[in-house]
Amino acid sequence: MIKLISRGLLDSNTYVVYNSSKRAMIVDCGSPVAEVREFVESNDMTVDYIVLTHGHFDHAHYIDEYISAFPNAEIICHRNELKVLYDPEANLSTFISQGRCYDHPYKTAEDGDILTLTSKDEGDIISLKIIHSPGHTPGSICLLCDSDGLLITGDVLFANGYGRVDFKYGSMTDMRQSLKRLLSLDGSIVFYPGHGESSKIKNER
């Protein structure tokens, strides 16, 4: 199950992925924490992970507040994204005249790693696979949940296009390869981008 909250800078999307056993994962911290915390607490959920799809300010700006609200959650990003998170020019926080370094105790992830929301009921376990998808940033990731047919794409793939590659550390070559990989997935998968509405993977399979 997935809950979208979009109240953030540049209308960025924050997602709460959860199972019926009330284990949850928060993806991206671009929306103020208050509404996310209200949703989590009103449903008596435990947040196991806070995941950043990438390190741009509109997805990481409120991370301090999320860490404070959910202190037992693991903070996840791809290892290649650390240089973006730590660099105000690369994470674009200089655009809002803040120049922040998002320095936190991240647990770094690799392509193919699995994040699991546990349950006593085997049928209620939700596993999301990390897909390293560089191009927009070097450590951009997507999160694939085959069992629920969903893919969280950050700023790699949108309903009407793909993420910009002209920022620091961006790469059109890497983006082409990432899009090729994503578009080879099952066409029934619904993807949830970092901005805008969800859509279906369109491919020729």
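The values are calculated or read from the model by the stated rules, or taken from the named source; none is laboratory data. What you are looking at is a predicted structure, and each value in this text was computed from that prediction instead of being measured. Because the Cβ atoms are built from the backbone with ideal geometry, glycine has one as well, and the counts that use them run over all protein chains shown.
When every residue of the range 142-160 is checked against the conditions, at least one turns out to be among the small types (Gly, Ala, Ser), closer than 29 Å to LYS83 by Cβ and out of contact with any strand residue (DSSP E or B) (no Cβ under 6 Å at 6 or more places or on another chain).
Does ASP146 meet the test of being more than 22 Å from ARG79 (Cβ to Cβ) and modelled with pLDDT of 95 or more? So ASP146 fails the test. Residues that are within 18 Å of ALA69 (Cβ to Cβ) and either touching a residue at least 60 places away in the same chain (Cβ under 8 Å) or surrounded by fewer than 24 Cβ atoms within 10 Å (Cβ to Cβ) (or both) within the range 14-28 comprise TYR15, VAL16, VAL17, TYR18, LYS22, ARG23, ALA24, MET25, VAL27, ASP28, listed in sequence order. Does SER140 qualify as being modelled with pLDDT of 95 or more, closer than 26 Å to TYR49 by Cα and of a type in the set (Gly, Ala, Ser)? When the stated conditions are applied, SER140 passes them.
At pLDDT 95 or above, part of a loop (DSSP other than H, G, I, E, B) and closer than 25 Å to GLU110 by Cβ: is that true of GLY30 in this structure?
Working: at pLDDT 95 or above: no; part of a loop (DSSP other than H, G, I, E, B): yes; closer than 25 Å to GLU110 by Cβ: yes.
Answer is no for this residue.
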